[in-house]
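**Q** I have a structure here, written as structure tokens, and I will follow up with some questions on it.
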There are 2 protein chains.
Amino acid sequence: MNTAKRAAQLLSSHNVTSLFDSVEAFLFDCDGVIWKGDKLIDGVSQTLEMLRSKGKKLVFVTNNSTKSRRQYAKKFNSLGISVREDEIFSSSFAAAMYLKVNNFPREKGGEGILEELQLAGYTGLGGPEDGEKRAEWKSNSLFEHDKSVGAVVVGLDPHINYYKLQYGTLCIRENPGCLFIATNRDAVGHMTDLQEWPGAGCMVAAMCGSTEREPIVVGKPSTFMMDFLLQKFQVSTSKMCMVGDRLDTDILFGKNAGCKTLLVLSGVTNQSTLEDPSSTIQPDYYTSNISDCLHLLGP
Amino acid sequence: MNTAKRAAQLLSSHNVTSLFDSVEAFLFDCDGVIWKGDKLIDGVSQTLEMLRSKGKKLVFVTNNSTKSRRQYAKKFNSLGISVREDEIFSSSFAAAMYLKVNNFPREKGGEGILEELQLAGYTGLGGPEDGEKRAEWKSNSLFEHDKSVGAVVVGLDPHINYYKLQYGTLCIRENPGCLFIATNRDAVGHMTDLQEWPGAGCMVAAMCGSTEREPIVVGKPSTFMMDFLLQKFQVSTSKMCMVGDRLDTDILFGKNAGCKTLLVLSGVTNQSTLEDPSSTIQPDYYTSNISDCLHLLGP
């Protein structure tokens, strides 16, 4: 317990103006901030419009790797919010960029990560069709894997199964130099509006359990994505505010990168968790919902 | 690195007699010692016969939870080895005994653990039929779980899926006082003769990843099973020898319980791993295969 930690301030009409005046770009987490599952959180649309009208840059930084940037832009638009692909930084994109920066030739990943990998020029194996594959224990029969796979990318995967676990485990244990990349390690997330579900932290832990290896994490709280964000938006991180619902990913990411931080209580963190002495990661500000900004800033 | 560790002695004609004369009961791990998958390891049958003919007690202590004691006895007999149910101490049995000792009313486990739970008088949920269940993210729809479940038992499960992970996660996170029990945490095991596969450590880690909780481990290296073994066999642990292929489960279990320890190189540990300075757990003796005892002890 760090007794010297600085407690978060409740966002109020007294401090909201100085925060907004000092910030040029707002970085938003999505699950639990913008939406829960397929439902927009109340007032999000008007809040984002207000911020754009005031000339603020908007960026969406999500650890959920089940969609590519194109698929995220489509989801935003289907919910009535106009967002461009280049305003979205997903952990699926981060995984593809990590491979590109490290010049790796092939990979075996899971899920919607594949579209980002393809866009970055990679040949991906795996994906949804492996969800129905079965791995059977048979005498005299070898479970074969591609020995040229140079990276295993693990993200949120509702189609997790023993086939994929054995495939990834064999690549990591037996292919020389094979990378083990995790999009993120969120324990749970609001995959639906009514409840939380196991997150990528569950699948990543499973792979750690069988390989006894630790992954390279490219999503929040790692600041790997920030380099790409800074290339796109010429804004100093001290003039950015990271808005999220998780202390150990969003708020830590913001702090690691030197941004201001705002916790919203509309997702996985409630006020008692925030105020618990074991919560050593504290945001600069907190509020119940991003639409509070609308009321606090006034007409 | 513990430089003061005592290096293992190769079993030889010089030390084998004193080991055998001082031991009344041999405790054997199964996977990688007795068999690999469904194939007996060479010479096992004759070795066990020789030990019985010399009046040694034989006990089989396995972390593999996919079978009940009855199913294990059947497997031994189908491979031509006569073993009684009460000579078998499996982690499935240990999980059931843990619940019994702690007087818990119901549980949600996985797999062949269910038979042991039923024998111990428990109502189990889950099992192979849940392997085909799917968990879908749907708006306005709640994934329901039984709020009376008092324990989640996680073991080796080749039918791992998102449905089971969400079910177990909800019980552990939301049911007051719900226990999280792991049969064992073996990273990998010789589920087939030709290669290793993810072990219970993989499924247990997945559940740790989503719940951010640590389990109670009832299998090796925990000595929980030893109490039941001592009730059955009136032999002091100093007159027992634990024979296994894993340093971090079998050999550590033997050392924790005060037994002599013999590592066999017929499973997951090879000589270079044994001799690596990072291997701080060292057996008293090691040999390539349990049938070496036959040759070393002579006719």
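Just so it is clear, none of the values below were taken in a lab; they were calculated from the coordinates. Owing to the predicted nature of the structure, the values given are computational and were not obtained by experimental measurement. Cβ coordinates were reconstructed from backbone atoms using ideal geometry, including for glycine residues, and neighbour counts include every protein chain displayed.
**Q** Helix A:44-53: angle to the longest alpha-carbon principal axis of chain A, degrees 0 to 90, nearest 10?
**A** 70 degrees
**Q** Here is a follow-up. Taking springs between alpha-carbon atoms closer than 10 angstrom, which of A:Lys255, A:Lys75, A:Lys36 fluctuates most in the Gaussian network model of chain A?
**A** The residue that fluctuates most here is A:Lys75.
**Q** Then there's this: Quick one: Cα convex hull volume of the protein assembly as shown, Å³ per residue? The partial results should precede the final answer.
**A** Numbers: hull volume 97.7 nm³, N = 598.
It is 163 Å³ per residue.
**Q** Okay, moving on. Packing-wise, with mean Cβ within 10 Å as the measure, how do A:270-281, B:278-289 rank, highest first? Walk me through the numbers before you get to the answer.
**A** Numbers: A:270-281: 12.8, B:278-289: 18.3.
Sorting A:270-281, B:278-289 by mean packing, highest first, produces B:278-289, A:270-281.
**Q** Straight-line reach from B:Lys239: which lysines have a Cα under 26 Å away, not including same-chain ones fewer than 8 places off?
**A** B:Lys5, B:Lys54, B:Lys56, B:Lys57, B:Lys220, B:Lys255, B:Lys260
**Q** Over its Cα atoms, what ratio of radius of gyration to 2.2 N^0.38 Å does chain A give?
**A** Numbers: Rg = 19.9 Å, N = 299, 2.2 N^0.38 = 19.2 Å.
Relative to the 2.2 N^0.38 Å estimate, chain A comes out at 1.04.
**Q** Suppose every Lys and Arg Cβ carries +1 and every Asp and Glu Cβ carries -1, with no other charges. What dipole size does the protein assembly as shown come out with about its Cα centre, to the nearest 20 debye?
**A** Numbers: 62 positive and 70 negative charges, 73 e Å.
Roughly 340 debye for the protein assembly as shown.
**Q** Something else about it: Would you mind telling me the antiparallel percentage of the DSSP bridges in chain A, rounded to 5? Spell out each step's value before the answer.
**A** Working: 4 of 35 bridges.
Here the antiparallel bridges make up roughly 10 percent for chain A.
**Q** Relative to the longest principal axis of chain A, what angle (0 to 90°, nearest 10) does the C-alpha long axis of helix A:91-101 take?
**A** So the inclination is approximately 60 degrees.
**Q** Report D for region B:145-207 in µm² per second (integer): Stokes-Einstein, Kirkwood Rh on Cα pairs, 10 °C, 1.306 mPa s. Intermediate values should be presented prior to the final figure.
**A** Values: Rh = 12.4 Å.
Calculated translational D: 128 µm²/s.
**Q** Next question, about the same structure. Please list, ordered by chain and number, the residues whose modelled amide H lies under 5 Å from the amide H of A:Met242; skip anything fewer than 5 residues away on the same chain.
**A** HN-HN under 5 Å from A:Met242: A:Leu27, A:Lys260, A:Thr261, A:Leu262.
**Q** A follow-up question, please. Over all distinct alpha-carbon pairs, what is the Kirkwood Rh of region B:138-262 in angstrom? Could you put the intermediate results ahead of the total?
**A** Details: mean 1/r = 0.0610 Å⁻¹.
Roughly 16.4 Å, rounded to one decimal.
**Q** Here is a follow-up. Could you work out how far helix B:162-174 tilts from the main Cα principal axis of chain B, as a 0 to 90 degree angle to the nearest 10?
**A** Helix B:162-174 sits roughly 80 degrees off the main axis of chain B.
**Q** Given H placed 1.01 Å from N in the peptide plane, which residues other than close sequence neighbours of B:Gln9 have an amide H under 5 Å from its amide H?
**A** The list, which skips near neighbours in sequence, is B:Tyr285, B:Tyr286.
**Q** With N denoting the number of residues in region B:4-103, provide Rg(C-alpha) divided by 2.2 N^0.38 Å, to two decimal places.
**A** After normalising by residue count via 2.2 N^0.38 Å, the value is 1.23.
**Q** Residues of A:155-161, mean number of Cβ from any other protein chain within 10 Å of their own Cβ, rounded to a whole number?
**A** On the way: counts 0, 1, 1, 9, 3, 6, 6.
Counting other chains' Cβ atoms within 10 Å and averaging over A:155-161 gives 4.
**Q** Same structure again: Could you pull out every residue, at least 5 positions away or on a different chain, whose amide H is within less than 5 Å of the one on A:Val154? Hs are placed 1.01 Å off N in the peptide plane, and Pro or chain starts have none.
**A** Result for A:Val154 returns A:Ile181, A:Ala182, A:Thr183.
**Q** With both bridge residues required to lie in the protein assembly as shown, what share of the DSSP beta bridges run antiparallel, to the nearest 5%? Could the numbers behind the result be given before it?
**A** On the way: 8 of 70 bridges.
Among the beta bridges of the protein assembly as shown, antiparallel pairing accounts for roughly 10 percent.
**Q** Only helical DSSP H runs with n ≥ 4 go in: add -39500 (n - 2.57) per run for the protein assembly as shown, normalise by residue count and round the 222 nm mean residue ellipticity to 500 deg cm²/dmol. Each step should come with its number before you reach the end.
**A** Values: 22 runs with 192 residues, N = 598.
Estimated from H runs of four or more residues: -9000 deg cm²/dmol.
**Q** Applying the Karplus parametrisation 6.51 cos²θ - 1.76 cosθ + 1.60 with θ = phi - 60° to the phi angles of region A:238-251, what ³J(HN,Hα) value in whole Hz is obtained for each residue in order, glycine and proline being reported as x?
**A** Result, ordered by residue: 5, 9, 10, 10, 8, 10, x, 10, 10, 5, 7, 10, 4, 5 Hz.
**Q** Rounded to whole Hz and in sequence order, give me ³J(HN,Hα) for region A:281-293 from the Karplus expression 6.51 cos²θ - 1.76 cosθ + 1.60, θ = phi - 60°, writing x for Gly and Pro.
**A** Per-residue couplings from phi come out as 8, 10, x, 5, 9, 9, 7, 6, 6, 5, 6, 4, 4 Hz.
**Q** Now, a different point. Per-residue mean of other chain beta-carbon atoms within 10 angstrom of the beta-carbon, peptide B:139-145? Mind dumping the intermediate values first?
**A** Values: counts 7, 6, 5, 4, 6, 1, 1.
Counting Cβ atoms of other protein chains within 10 Å of each residue's Cβ and averaging gives 4.
**Q** Could the peptides B:180-188, B:167-175 be put in order, highest first, of the mean number of other beta-carbon atoms found within 10 Å of their residues? Show your work: numbers first, answer last.
**A** Numbers: B:180-188: 25.9, B:167-175: 22.0.
In descending order of packing, they fall as B:180-188, B:167-175.
**Q** Okay, next question. Taking each residue of A:185-191 in turn, how many C-beta atoms of other protein chains fall within 10 Å of its C-beta, and what is the average? Could you put the intermediate results ahead of the total?
**A** Numbers: counts 1, 2, 8, 7, 1, 1, 7.
Across the residues of A:185-191, the mean count of other-chain Cβ atoms within 10 Å is 4.
**Q** Under 19 Å from the 7 Å Cα→Cβ point of A:Phe20, by amide nitrogen: which residues of region A:246-278?
**A** Answer for region A:246-278: A:260-265.
**Q** Given the options B:His145, B:His190, B:His14, state which has the largest fluctuation in a GNM of chain B using a 10 Å cut-off (strictly under) for Cα springs.
**A** B:His14
**Q** So, one more: What is the distance, in nm, between label points placed 7 Å from the Cα along the Cα-to-Cβ direction at A:Leu58 and at B:Ser148?
**A** About 4.9 nm, to one decimal.
**Q** Can you give me the distance in nm between label points at B:Ser12 and A:Gln234, each placed 7 Å from the Cα along the Cα-to-Cβ direction?
**A** 7.6 nm
**Q** List, in order, the whole-Hz ³J(HN,Hα) value for each residue of region B:208-223 obtained from phi through the Karplus relation with A = 6.51, B = -1.76, C = 1.60 and θ = phi - 60°; use x for Gly and Pro.
**A** Running phi through 6.51 cos²θ - 1.76 cosθ + 1.60 with θ = phi - 60° gives 4, x, 8, 9, 6, 10, 9, x, 8, 9, 9, x, 4, x, 4, 9 Hz.
**Q** Using a Förster distance of 30 Å, how high is the FRET efficiency between A:Ser141 and B:Ser288, based on the Cβ-Cβ distance and rounded to 0.05?
**A** Numbers: r = 25 Å, r/R0 = 0.83.
Approximately 0.75, to the nearest 0.05.
**Q** Same structure, new question: Pick from A:Ser266, A:Ser92, A:Ser78 the residue whose mean-square fluctuation is largest in a GNM of chain A, springs joining Cα atoms under 10 Å.
**A** A:Ser78
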